[in-house]
1. Take the conditions in a strand (DSSP E or B) and under 20 Å from residue 107 (Cα atoms) and apply them to residue 42. Does it pass?
2. Could we say that residue 232 is without any contact (Cβ under 8 Å) to a residue 40 or more places away in the chain, within 16 Å of the ligand (Cβ to nearest atom), assigned to a helix (DSSP H, G or I) and touching a helix residue (DSSP H, G or I) at 6+ places or on another chain (Cβ under 9 Å) here?
3. Only one residue in 261, 280, 295 is surrounded by fewer than 23 Cβ atoms within 10 Å (Cβ to Cβ), polar (S, T, N, Q) and in contact with a strand residue (DSSP E or B) (Cβ under 8 Å, 6 or more places away or on another chain). Which one?
4. With the requirement that a residue be out of contact with any strand residue (DSSP E or B) (no Cβ under 6 Å at 6 or more places or on another chain), closer than 28 Å to residue 276 by Cβ and within 14 Å of the ligand (Cβ to nearest atom), what does the stretch 132-176 give you?
5. I'm told residue 255 meets every condition in (1) at pLDDT below 95; (2) touching an Asp or Glu at 6+ places or on another chain (Cβ under 6 Å) except one. Can you identify the failing condition by its number?
6. Name the residues in the stretch 213-222 that are surrounded by fewer than 19 Cβ atoms within 10 Å (Cβ to Cβ) and either within 16 Å of the ligand (Cβ to nearest atom) or under 21 Å from residue 158 (Cβ atoms) (or both), would you?
7. Scan the stretch 10-28 residue by residue and report those that are buried (at least 17 other Cβ atoms within 10 Å of the Cβ) and away from the ligand (no atom under 15 Å from the Cβ).
8. What residue, of 96, 105, is within 16 Å of the ligand (Cβ to nearest atom) and aliphatic (A, V, I, L, M)?
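The values are calculated or read from the model by the stated rules, or taken from the named source; none is laboratory data. What you see is a predicted model, and the numbers here were worked out from it, not measured in a lab. Virtual Cβ from ideal backbone geometry, glycine too; neighbours counted across all protein chains shown.
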Amino acid sequence: NEIKIFAPATIANVSCGFDVLGLCLDNVGDEMVIRKTAEKGIRISKLVGQDLPLETEKNVAGVAGLAMLEKLNLNHGFEIEIYKNIKAGSGIGSSAASSAGTVFAMNELLGKPFTLKELVPFAMQGEKLASGTAHADNVAPALLGGFTLVRSYEPLDLIKIPTPSELYATVIHPQIEVKTSDSRSVLKQNISMKKSIIQIGNLGGLISGLHTSDYDLISRSLHDEIVEPLRAILIPGFKKVKENAIACGALGAGISGSGPSIFALSKGKEMAEKVAKIMSKTYKNINIDFDIHVSKIN
Ligand code: HSE
């Protein structure tokens, strides 16, 4: 009647896949304990590590859980304890981890009435509360693992993409908070034909490279013509960190989700660690505090 889970951090967009592509980190995430209660509904009984609302309707985990409860006719409820390691507003899917973790754990406790894909729309309701948009590019990889593509939102069509075995992510988080809603507000509603052609080519190339473990193709495809140029100004030292990561041997680098975290992808753990060192050094040189992680994609 109780389950303890690891709720993973995720990197959304992955440069050329704004709102459609995401990946799941192996070793960065929150812990959650979820148990059945006689009392109906959802109650957040504990939230450690971040200053976030406990009220069910104001908490992403609560909202995701309520969306799932609506589809069920239960005579009991759930109590949630959240132990946050992922900082809110860090750009590695803090809200997604809580939303996805909640519905995953509830589903397990109920004997899996839903498939993992079917859980995604419930978790998306948590994202809607957090950012104003029910984007799935963090919750889908958090639930399905590895890389996922949102082929379509209406109807929701999620595709799991294979992960080359030697692909590693380095993520550096400068200690500032950027709200997803704010970093979405700097975006334009229209893009040029020229930019969309480049972006579509890169997204196709990235997906193909992931399927065929073609690291050179992955590297050539990791560019963002549309969102990164508008958001980069919100992230101190972005250009330097990205340039240095790529000069050091990373396949590519960009903004993780809506930032301010910056990610780099590398072939092999050794290279990912080398990239972590150079990214850290870059921030040390400009006196910015940071957290850094090297993770397998899983
Ligand atoms: N695709 C979303 C965005 C992800 O970039 O706004 C937020 O983590």
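1. Numbers: in a strand (DSSP E or B): yes; under 20 Å from residue 107 (Cα atoms): yes.
It is true that residue 42 is in a strand (DSSP E or B) and under 20 Å from residue 107 (Cα atoms).
2. Details: without any contact (Cβ under 8 Å) to a residue 40 or more places away in the chain: yes; within 16 Å of the ligand (Cβ to nearest atom): yes; assigned to a helix (DSSP H, G or I): yes; touching a helix residue (DSSP H, G or I) at 6+ places or on another chain (Cβ under 9 Å): yes.
The answer is yes for residue 232.
3. 280
4. Residues satisfying the conditions are 135, 139.
5. (1)
6. Those that are surrounded by fewer than 19 Cβ atoms within 10 Å (Cβ to Cβ) and either within 16 Å of the ligand (Cβ to nearest atom) or under 21 Å from residue 158 (Cβ atoms) (or both): none in the stretch 213-222.
7. Residue satisfying the conditions is 26 alone.
8. One residue alone meets the criteria, 96.
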